[in-house]
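Worksheet: the structure to be examined is printed underneath.
Just so it is clear, none of the values below were taken in a lab; they were calculated from the coordinates. These figures come from a predicted structure and were not determined experimentally. A quick note on method: Cβ atoms are made from the backbone with ideal geometry, for glycine too, and the neighbour counts reach across all protein chains shown.
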Amino acid sequence: MKLRMKVLFALLCVTGIGVILNGRVLRGLAEYALPEDTSPCTKRLSEDDRRLMHCFNKSVEPFLSANYSLPEDAFNWWKRLQVEQRSFRAYTETVDRLFEIIPPSPGLTEPSPDCCRTCAVVGNSVNLNGSHYGPDIDSHDIVIRMNHGHTKGYEADVGTRTTHHVMYPESAVDLDITTHLVLVPFKILDLEWLMKALTTGFYGKSYAPVKSNITANRELVMVVNPAFMRWVHDSWLMKKGQYPSTGFMVLILALRICDEVHVFGYGADKDGNWSHYWEKLKNKKFKTGIHPGTHEYGIIRKLAEQQKLKFYEGC
Ligand code: C5P
C-alpha cells in the first residue's frame with residue numbers, strides 16, 4: 001500500500017511538472033508569436049531589402065564642401081585607387097586652395113522638399129543607338145551625362161540637354177555656361193588639374209593625355225566626395241572590383257539627389273564589352289575594365305524591379 005501511494009505520488013508530480021512546463025512553453029510560444037500575428041506590418045524584409053536599406057543610408061556627404069573634413073581612413077582608401085603618393089596634408093591643402101576658386105558648397109545635395117525632382121542619368125552604352133530616347137531624356141529636370149558622352153549627331157537617341165556633366169581629367173570635355181561640371185577625383189593631381197584647367201592652365205602629366213584648359217562655368221563646379229566613392233564601393237558593391245565605375249557612382253549619386261531617377265545608356269554589348277554609342281569598339285578584350293560591370297548591372301536591374309528607379313534597357 002505504501003509503495004502504491006509512492007508510485008501514485010510520483011506520477012502526480014511528473015504530470016504536474018509536465019503541465020506547468022507545457023503551459024510555460026505554450027505561453028512562451030504565444031508571446032513570441034504575438035508580435036508577428038498582430039503586427040500591422042505584413043511585409044517581411046528580405047536580406048536584399050535590408051542591404052538596400054543600409055545602402056540608402058544618408059550619412060556620407062556626396063560632394064565636397066569648404067567646411068567638410070574627409071576622414072583620414074577614407075583618404076587612405078582613395079589614395080590607393082590611382083597610386084597617390086602624397087600625404088593627407090597635401091590633400092587638405094589642395095582642397096583648401098580649390099575652394100578659393102569654386103563655390104564653397106555644391107548647392108544640390110538632397111531631393112527638393114516640395115517638388116518632385118526627376119533626373120535622367122545617361123550612361124554611354126551602345127544600346128542607346130536607335131532607341132529614340134532623346135525626347136524622354138530631355139523631359140527631365142536634371143540630365144546627367146558623363147565622360148565623352150555627347151549629343152551632337154545623336155540627338156534623337158540621347159537628347160540635347162545636359163545640366164550636369166561628370167568627368168575626371170582624362171575624360172574631360174568643354175561645357176557650356178549653364179552646365180555643372182562634376183569632377184570625380186581619383187587623386188590629388190585631379191584636384192590640381194581642376195584648379196589650373198579652370199584658370200592658368202594645367203601642364204602636368206597623368207597616365208593619359210589631359211586637357212590643359214577647360215571651358216566651364218566655375219560657379220557651377222561640384223566635386224564628388226572620396227568618402228562617398230568608398231561608401232559606394234563598400235556598401236553597394238560589397239567591395240567587388242577595384243572601384244565603382246563612374247556610371248555606377250553617378251547613378252547612386254542620382255538616387256541621393258533626385259526624387260525620381262530614370263536610367264539610360266547602361267549595359268554591355270553582346271560580347272560583354274562596354275561599347276559606346278558614338279564609336280566602333282577597338283579593343284574587344286576590354287569587357288568592363290577594372291570595374292565589376294556585370295555586378296553593377298545586376299544591381300541596377302534589381303533597383304528597377306524594386307521600383308527605386310526606372311531603367312531603359314535600350315536596343
Ligand atoms: O565608357 P564610359 O566610362 O565613359 O561610360 C560611362 C559609364 O556608362 C560607365 O562608367 C558605365 O557605368 C556605363 N556604361 C555601360 N555600358 C556601356 C558603356 C558605358 O553601362 N556599354
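Observations, loosely collected:
- Estimated D of the stretch 139-206 in µm² per second, where Rh is the Kirkwood radius over Cα pairs and Stokes-Einstein applies at 4 °C, 1.567 mPa s: 99 µm²/s
- Note on GLU313 and LYS284: the extension gain reaches 8.3 nm, defined as 0.36 nm multiplied by sequence separation minus the Cα-Cα distance.
- When Rg and the Kirkwood Rh are both derived from Cα coordinates, the Rg/Rh ratio for the stretch 59-185 amounts to 1.02.
- Net charge of neighbours whose Cβ lies under 9 Å from the Cβ of PHE88, counting Lys and Arg as +1 and Asp and Glu as -1: +2
- Cβ-based exposure ranking for CYS55, CYS119, in which fewest neighbours within 10 Å come first: CYS55, CYS119
- Net charge of neighbours whose Cβ lies under 15 Å from the Cβ of CYS315, counting Lys and Arg as +1 and Asp and Glu as -1: -3
- Listed cross-link partners LYS58/LYS152; LYS196/LYS302; LYS240/LYS284 are compared with a 32 Å cut-off, the Cα-Cα value being larger for LYS58/LYS152; LYS196/LYS302.
- Each Lys or Arg adds one and each Asp or Glu takes one away; over the other residues whose Cβ falls under 12 Å from the Cβ of THR163, this sums to 0.
- Computed FRET value (nearest 0.05) for ILE101 with ASP174, which takes r as the C-beta separation and R₀ as 25 Å: 0.90
- Difference of contour (0.36 nm per residue) and Cα-Cα distance, LYS58 to THR199: 47.4 nm
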